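Student: One structure is given below, represented as structure tokens, and several questions about it will come after.
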Amino acid sequence: MSEPIRRAAAPIAVDGDLNKEVWTGVSRSQRFGDLETGCRQTLFDTWAAMQWDDRHLYVAFWLEDRDVCCTGARPSPLGWEENCAEILVAGAAAHGRIAVNPAGRVSTAFFIFKDGYQRGGRYDVPEFDLAAHRPSVFGGDAGPKHRRGMRWGFLPWQIPGLQVGVRVNGALDDRSSIDRGWTAEIAVPWEALKWLAPEGATSLNCGDAWRLVLLRRQVVDHRAERRQALWTWQPLWGGDLFAPESYMDFVLA
């Protein structure tokens with residue numbers, strides 16, 4: 001199963017305004033559902049849409065919320081304890097994450113499976129120099145575990161030229177107000193995504209399939225309990241965000 005990503009008619013000015021014409025005529029996803037089951041009876045509505053041009057992958061999120069707020073949590077490689085919209089992209093031996101919260105704060109991480117990190121290979125570059133960046137190691141004694149074994153985790157993942165725009169329909173961090181929600185607009189340079197390009201791809205072409213997950217994290221406070229709800233465009237096998245082979249194919253059209 002795959003979904004198309006349509007080519008944008010012109011470069012998109014990223015400002016978080018999703019009422020502009022460039023997005024009003026684009027097909028949105030179905031309502032996001034539960035990460036594991038796909039059930040779409042979620043607390044709030046969430047939709048997304050994507051476009052592309054020669055320089056960027058553009059992603060738009062519409063996020064209903066009656067209390068738009070930030071938790072103030074520190075980002076971590078394995079999941080930000082924050083209300084946020086996320087893009088996850090997987091390649092043959094690596095996967096990356098970009099998360100944006102309602103205040104426009106960005107968290108990024110990049111993971112490389114150790115069996116895919118070869119001297120002189122694709123990832124043996126200054127951006128992922130092990131001695132310089134001292135990445136974390138995942139999949140050993142602690143999770144997330146994967147059949148391929150351990151992986152390096154780079155936090156943050158440096159993405160020159162990343163553009164983010166956020167708009168809040170309401171009062172951010174005012175817990176006494178009733179809000180309508182927020183929107184996020186993100187332009188990811190293909191130059192940064194080259195590490196995750198389909199095998200053998202040396203340029204962008206219609207018909208290329210990119211493995212992606214579009215995700216919403218929603219922190220839910222209920223009495224003395226706090227938990228995270230995870231809603232996605234499509235359910236993942238086993239509900240595992242760190243099993244990139246379960247990501248959905250999106251085809252450049």
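The values are calculated or read from the model by the stated rules, or taken from the named source; none is laboratory data. Only a predicted model underlies this, so the values are computations on that prediction, with no experimental measurement involved. Cβ atoms come from the backbone with ideal geometry, glycine included; neighbour counts cover every protein chain shown. Please note that ligands, DNA and RNA were not included when accessible areas were found on the heavy atoms of the full protein model with its side chains. Shrake-Rupley method; radii C 1.70, N 1.55, O 1.52, S 1.80 Å.
Student: Of the conditions (1) open to solvent by less than 40 Å² (accessible area, probe 1.4 Å); (2) closer than 22 Å to TRP157 by Cβ, GLU199 fails just one. Which one is it?
Tutor: So GLU199 meets the others, but not (1).
Student: Taking the options GLU64, GLU82, name whichever one is open to solvent by 40 Å² or more (accessible area, probe 1.4 Å) and in contact with a Ser or Thr (Cβ under 8 Å, 6 or more places away or on another chain). Before the answer, list the steps.
Tutor: Details: GLU82 fails: open to solvent by 40 Å² or more (accessible area, probe 1.4 Å).
Just one listed residue meets the conditions, GLU64.
Student: Another one. Here is a check on your reading of the model: is ARG7 among the charged types (D, E, K, R), free of Cβ contacts under 8 Å to residues at least 60 places away in the same chain and surrounded by 12 or more Cβ atoms within 10 Å (Cβ to Cβ)? Show your work before the answer.
Tutor: Working: among the charged types (D, E, K, R): yes; free of Cβ contacts under 8 Å to residues at least 60 places away in the same chain: no; surrounded by 12 or more Cβ atoms within 10 Å (Cβ to Cβ): yes.
In short, no.
Student: Considering every residue within region 121-144, establish whether at least one is aliphatic (A, V, I, L, M), more than 24 Å from PRO160 (Cβ to Cβ), open to solvent by 40 Å² or more (accessible area, probe 1.4 Å) and assigned to a loop (DSSP other than H, G, I, E, B). Walk me through how you get there before you give the answer.
Tutor: Here is the first cut: in region 121-144, the ones aliphatic (A, V, I, L, M) are 125, 130-132, 137, 142.
Next, only the ones that are more than 24 Å from PRO160 (Cβ to Cβ) stay: 137, 142.
Pick out the ones that are also open to solvent by 40 Å² or more (accessible area, probe 1.4 Å) and you get 137, 142.
In the following step, the residues that additionally are assigned to a loop (DSSP other than H, G, I, E, B) were identified as 142.
For region 121-144, residues aliphatic (A, V, I, L, M), more than 24 Å from PRO160 (Cβ to Cβ), open to solvent by 40 Å² or more (accessible area, probe 1.4 Å) and assigned to a loop (DSSP other than H, G, I, E, B): present.
Student: Restricting attention to region 46-53, does a residue exist that is open to solvent by 10 Å² or more (accessible area, probe 1.4 Å), modelled with pLDDT under 95 and of a type in the set (A, V, I, L, M, F, W, C)?
Tutor: Scanning region 46-53, I find no residue that is open to solvent by 10 Å² or more (accessible area, probe 1.4 Å), modelled with pLDDT under 95 and of a type in the set (A, V, I, L, M, F, W, C), so the answer is no.
Student: Still on this structure, please answer the following. Could you please find all residues in region 16-37 being open to solvent by 50 Å² or more (accessible area, probe 1.4 Å), assigned to a loop (DSSP other than H, G, I, E, B), at pLDDT 95 or above and charged (D, E, K, R)?
Tutor: ARG28, ARG31
Student: Now for a separate question. Just to be sure before I move on: is GLY72 in a loop (DSSP other than H, G, I, E, B), without any contact (Cβ under 8 Å) to a residue 12 or more places away in the chain and not aliphatic (A, V, I, L, M) in the structure I sent?
Tutor: Details: in a loop (DSSP other than H, G, I, E, B): yes; without any contact (Cβ under 8 Å) to a residue 12 or more places away in the chain: yes; not aliphatic (A, V, I, L, M): yes.
Yes.
Student: With respect to ARG211, determine if the residue is under 15 Å from the mean Cα position of the chain (by Cα) and open to solvent by less than 50 Å² (accessible area, probe 1.4 Å). Working first, answer last.
Tutor: Details: under 15 Å from the mean Cα position of the chain (by Cα): yes; open to solvent by less than 50 Å² (accessible area, probe 1.4 Å): no.
Considered against the rule, which asks whether it is under 15 Å from the mean Cα position of the chain (by Cα) and open to solvent by less than 50 Å² (accessible area, probe 1.4 Å), ARG211 comes out as no.
Student: Then there is this: Within region 214-229, take every residue that is of a type outside the set (A, V, I, L, M) and in contact (Cβ under 8 Å) with a residue 40 or more places away in the chain and give me the one that is surrounded by the most Cβ atoms within 10 Å (Cβ to Cβ).
Tutor: Residues of region 214-229 that are of a type outside the set (A, V, I, L, M), as a first pass: 216-218, 221-223, 225-228.
Next, only the ones that are in contact (Cβ under 8 Å) with a residue 40 or more places away in the chain stay: 216-218, 228.
Values: ARG216: 24, ARG217: 19, GLN218: 19, GLN228: 13.
Across region 214-229, the extreme among qualifying residues is ARG216.
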